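Colleague: Structure below; questions to follow.
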Amino acid sequence: MDTVPLKLVTIIAEAVLEDRLLRELRELGARGYSVGAVEGQGSRGVRAVDFEGKNSRIEVIASEEVTDRILEHVAQTYFQHYAVIAYVSDVAVVRGDKYV
Amino acid sequence: MDTVPLKLVTIIAEAVLEDRLLRELRELGARGYSVGAVEGQGSRGVRAVDFEGKNSRIEVIASEEVTDRILEHVAQTYFQHYAVIAYVSDVAVVRGDKYV
Amino acid sequence: MDTVPLKLVTIIAEAVLEDRLLRELRELGARGYSVGAVEGQGSRGVRAVDFEGKNSRIEVIASEEVTDRILEHVAQTYFQHYAVIAYVSDVAVVRGDKYV
């Protein structure tokens, strides 16, 4: 089966940020995402308590270039004031040319 | 901890396809799956609009052989008419011999 | 973008075990987790039937050391009597120093 090596970016953030994040992700070049509801607790630290409760778990399949842009944006825009988690893994995507 | 290197196949499809997909995955040799509800938007293209809304996110742990069979089946059966996303990542599975 | 290579541990277990598991994960050193609801079916075997139904999908970002501790604990505590699934993948985490 032909697959394309791409990045899977997972962002976990307060549900109230979801619409704004999805709009920004599209503007940064993301195509194809899914959003699920999770409950979570962030890393230790002053904001951990605020992070408990309803969060959105956003998954985006993207090229390495778009992934870098997304991570930069999320770090610069949200990490100071929001308990956002962002991580990346390698995936092999069927029909992956649609995501780049 | 002893783990077995296996594949994690994630399939995101319209919720209406879920029962059929799970039955087919079992027939293709999948053991052990989980299904969550997500909202999503597919890659750009004519069917992107149809894909917004309630989707099922199906995860299957499988051998490389079963994974290939699943991807072939999903690509041949669904990609022309449905906005299905399928991707694979490497996982180390505890008690992984149960999945092959 | 600076990221830290860490492990993403995914544990899928009966929802009734969730509170206990999360408490144990914290005691084992986990920081930052998210929990989603999934439906699932375990690997073939005598307990597969019991496993159908509502499950919790717990994701934890952790160091390799904490990951090993979590997998050992889950295997020793739950695998004999519960249909728990546990697997690990490699992730690159933004602001990952918060999780070790």
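The values are calculated or read from the model by the stated rules, or taken from the named source; none is laboratory data. Only a predicted model underlies this, so the values are computations on that prediction, with no experimental measurement involved. Glycine gets a Cβ as well: all are built from the backbone with ideal geometry, and neighbour counts include every protein chain shown. These accessible areas exclude ligands, DNA and RNA; they are computed on the full protein's heavy atoms, side chains included. Shrake-Rupley method; radii C 1.70, N 1.55, O 1.52, S 1.80 Å.
Colleague: Per residue, how large is the accessible surface of the protein assembly as shown? Use a 1.4 angstrom probe and give square angstrom.
Modeller: On the way: 13450 Å² over 300 residues.
Counting only protein heavy atoms, the per-residue value for the protein assembly as shown is 45 Å².
Colleague: Same structure, new question: Region C:50-99: D in µm²/s via Stokes-Einstein (Kirkwood Rh, Cα pairs, 20 °C, 1.002 mPa s)? Walk me through the numbers before you get to the answer.
Modeller: Values: Rh = 12.7 Å.
The calculation lands on 169 µm²/s.
Colleague: Something else about it: Tell me, what ³J(HN,Hα) does each residue in region B:83-100 have, in order and in whole Hz, if you take phi through Karplus 6.51 cos²θ - 1.76 cosθ + 1.60 with θ = phi - 60° and put x for Gly and Pro?
Modeller: After applying 6.51 cos²θ - 1.76 cosθ + 1.60, I find 8, 8, 10, 9, 8, 10, 9, 8, 9, 9, 10, 6, 6, x, 4, 6, 9, 10 Hz.
Colleague: Still on this structure, please answer the following. Summing Lys, Arg as +1 and Asp, Glu as -1, what charge do residues with Cβ under 11 Å from the Cβ of C:Val91 carry, C:Val91 excluded? Working shown, then result.
Modeller: Values: positive: A:Lys7, C:Lys7; negative: A:Asp90, C:Glu59, C:Asp90.
Here the charged neighbours net out to -1.
Colleague: Which whole-number percent gives the relative contact order of chain A, counting Cα pairs below 8 Å spaced six or more residues apart?
Modeller: Working: 171 pairs, mean separation 49.3, N = 100.
Relative contact order comes out at 49 percent.
Colleague: Taking 0.36 nm per residue of sequence separation and subtracting the Cα-Cα distance, how much length would be gained by fully extending the chain between A:Lys54 and A:Asp19, in nm to one decimal?
Modeller: Details: separation 35, 0.36 × 35 = 12.60 nm, distance 1.44 nm.
Difference between extended and current length: 11.2 nm.
Colleague: Before we go on, tell me the buried accessible area for the C/A pair, both chains summed, 1.4 Å probe, in Å² to the nearest 100.
Modeller: Values: alone 6290 and 6280 Å², together 10760 Å².
Its buried surface, counting both partners, is about 1800 Å².
Colleague: Taking the Cα-to-Cβ direction at C:Phe79 and at A:Glu65 and moving 7 Å from each Cα, how far apart do the two end points lie in nm?
Modeller: Placing both labels 7 Å along Cα→Cβ, they lie 4.5 nm apart.
Colleague: Compute the distance in nm between two label points, each set 7 Å from the Cα along the Cα-to-Cβ direction, one at B:Val100 and one at C:Glu72.
Modeller: 2.5 nm
Colleague: If you plug each phi of region C:6-18 into the Karplus form 6.51 cos²θ - 1.76 cosθ + 1.60 with θ = phi - 60°, what whole-Hz ³J(HN,Hα) values come out, in order, with x for Gly and Pro?
Modeller: Karplus-based 3J(HN,Hα) across region C:6-18 equals 9, 10, 10, 9, 10, 10, 10, 8, 3, 4, 5, 8, 4 Hz.
Colleague: Let me ask another. Project the alpha carbons of chain B onto their principal axes and report the range along each, largest first, in whole Å.
Modeller: 45, 23, 22
Colleague: So, with +1 on the Cβ of K and R and -1 on the Cβ of D and E, and no other charges, what is the size of the charge dipole of the protein assembly as shown about its Cα centre, to the nearest 20 debye? Could you put the intermediate results ahead of the total?
Modeller: Details: 36 positive and 48 negative charges, 79 e Å.
Charge dipole, the protein assembly as shown, about its Cα centre: 380 debye, nearest 20.
Colleague: With a 1.4 Å probe on protein heavy atoms only, tell me which residues of region C:2-43 lose at least 40 Å² of accessible surface in the complex relative to the chain by itself.
Modeller: Flagged in region C:2-43: C:Arg31, C:Tyr33, C:Ser34, C:Val35, C:Glu39, C:Gln41, C:Ser43.
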